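The next block holds one structure in the form of structure tokens; read it before the comments.
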Amino acid sequence: MSGHSKWSTIKRKKGALDSKRGKVFTKIIKEITLAARLGGGDIEGNSRLRQAVLAAKNENMPKDNIEKAIKKGTGEIGGGEAYEEITYEGYGPGGVAVLVEIMTDNKNRTVAEIRHIFSKHGGNLGENGCVAWLFEKKGSIVFERKVVNEDDLMELALELGAEDIREDETEIEIITDQAMFESVRDALEAKGLKYIQASVGMIPQNTVKLEDGKAEQMLKMIDKLEDNDDVQNVYANFDIDDEIVEKFSS
């Protein structure tokens, strides 16, 4: 798996997001609101909204919160802020490529905060296009090894049109083309295969190995970026040993 997938896995296992659930809800509500504003409130006809609502349900967000966010986006009720979407690109310690997806109502404030986080942790913010070419938008569906038959899962995923299968000691990650993500996910779910995470995001085409000091710097940078209220997603192409990630997140 990619380094950032490892990082997400460790945090999920340890429940590290629980203490920040308010922040998680806020980020998802912003995404639901904007998705509804751009593509309408019909979940079936708006794939971005559909994925945002799925993310909300996976976080056990109350139904009322979801419906209110959709109505704010469509203008049925007032109070929805005018958010701007921006993607910042840069480099972390050791030359790691970093993409930061932003949703903000104050671009000047946000870019200053993001630049500060990069520089404080041994990185630097770059120009548009400097690292985006290293990533591709793909679907990712993650299963725990212990609850699925590995051979059956892999065979079925490939039959359904999955592009790649990545694995580590505890999990199997199915990679799909963005356009195939929902059909593959739904077909696997219909077979009774329960995933622990399913999302569309930026997958790195290659990785940069980090050791010790630079690895810890990188993890601190990712943690601080993800903690920023205006940051929706962070993607990076680092590869760090599981032991280091677990030690940092414990």
Worksheet item: Could you list, in sequence order, the residues of segment 132-142 that are surrounded by 11 or more Cβ atoms within 10 Å (Cβ to Cβ), out of contact with any Pro (no Cβ under 9 Å at 6 or more places or on another chain) and not basic (Lys, Arg)?
Response: ALA132, GLY139, SER140, ILE141, VAL142
Response to the item:
Among (1) within 15 Å of PHE181 (Cβ to Cβ); (2) open to solvent by less than 40 Å² (accessible area, probe 1.4 Å); (3) in contact with a strand residue (DSSP E or B) (Cβ under 7 Å, 6 or more places away or on another chain), LEU34 falls short only on (1)
Response to the item:
Out of (1) surrounded by fewer than 16 Cβ atoms within 10 Å (Cβ to Cβ); (2) not in a helix (DSSP H, G or I), the one THR26 does not meet is (2)
Worksheet item: (1) touching a Phe, Trp or Tyr at 6+ places or on another chain (Cβ under 9 Å); (2) buried (at least 20 other Cβ atoms within 10 Å of the Cβ); (3) charged (D, E, K, R): which one isn't true of GLU226, the others all being true?
Response: (1)
Practice prompt. Having 3 or more residues that are touching a residue at least 12 places away in the same chain (Cβ under 8 Å) and farther than 25 Å from ASP230 by Cα is the bar; report the strands (runs of 3 or more DSSP E) wholly within segment 106-200 that clear it.
Written response: 135-144, 171-177
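Report whether or not ASN233 is assigned to a loop (DSSP other than H, G, I, E, B), more than 17 Å from PHE143 (Cα to Cα) and touching a residue at least 12 places away in the same chain (Cβ under 8 Å).
Against the criterion (assigned to a loop (DSSP other than H, G, I, E, B), more than 17 Å from PHE143 (Cα to Cα) and touching a residue at least 12 places away in the same chain (Cβ under 8 Å)), ASN233 does not qualify.
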Worksheet item: Can you name every residue in segment 143-186 that is of a type in the set (A, V, I, L, M), open to solvent by 10 Å² or more (accessible area, probe 1.4 Å) and within 18 Å of ALA52 (Cα to Cα)?
Response: ALA179, MET180
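Just wondering, is there one or more residues in segment 50-71 that are among the hydrophobic types (A, V, I, L, M, F, W, C), open to solvent by 70 Å² or more (accessible area, probe 1.4 Å) and either more than 20 Å from ASN233 (Cα to Cα) or without any contact (Cβ under 8 Å) to a residue 60 or more places away in the chain (or both)? I'd like the intermediate steps shown before the answer.
To start, the set of residues in segment 50-71 that are among the hydrophobic types (A, V, I, L, M, F, W, C) comprises 52-56, 61, 66, 69-70.
Now restrict to residues that are open to solvent by 70 Å² or more (accessible area, probe 1.4 Å): none.
No; the residues of segment 50-71 include none that is among the hydrophobic types (A, V, I, L, M, F, W, C), open to solvent by 70 Å² or more (accessible area, probe 1.4 Å) and either more than 20 Å from ASN233 (Cα to Cα) or without any contact (Cβ under 8 Å) to a residue 60 or more places away in the chain (or both).
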Fill in: Scan of segment 73-86 for residues that are open to solvent by 60 Å² or more (accessible area, probe 1.4 Å) and either under 29 Å from ILE114 (Cα atoms) or basic (Lys, Arg) (or both), ordered by number
GLU81, ALA82, GLU84, GLU85
Fill in: Residues (out of contact with any Ser or Thr (no Cβ under 7 Å at 6 or more places or on another chain), touching a residue at least 60 places away in the same chain (Cβ under 8 Å) and within 26 Å of LYS107 (Cβ to Cβ)) located in segment 201-228
MET202, MET218, LYS220, MET221, ILE222, LYS224, LEU225, ASP227, ASN228
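The values are calculated or read from the model by the stated rules, or taken from the named source; none is laboratory data. The shown structure was predicted, so the numbers you read here are calculated from the model rather than taken from an experiment. Neighbour counts are summed over all protein chains in view; Cβ atoms, including those assigned to glycine, are modelled from backbone coordinates with ideal geometry. With ligands, DNA and RNA removed, areas are computed over all heavy atoms of the protein, side chains included. Shrake-Rupley method; radii C 1.70, N 1.55, O 1.52, S 1.80 Å.
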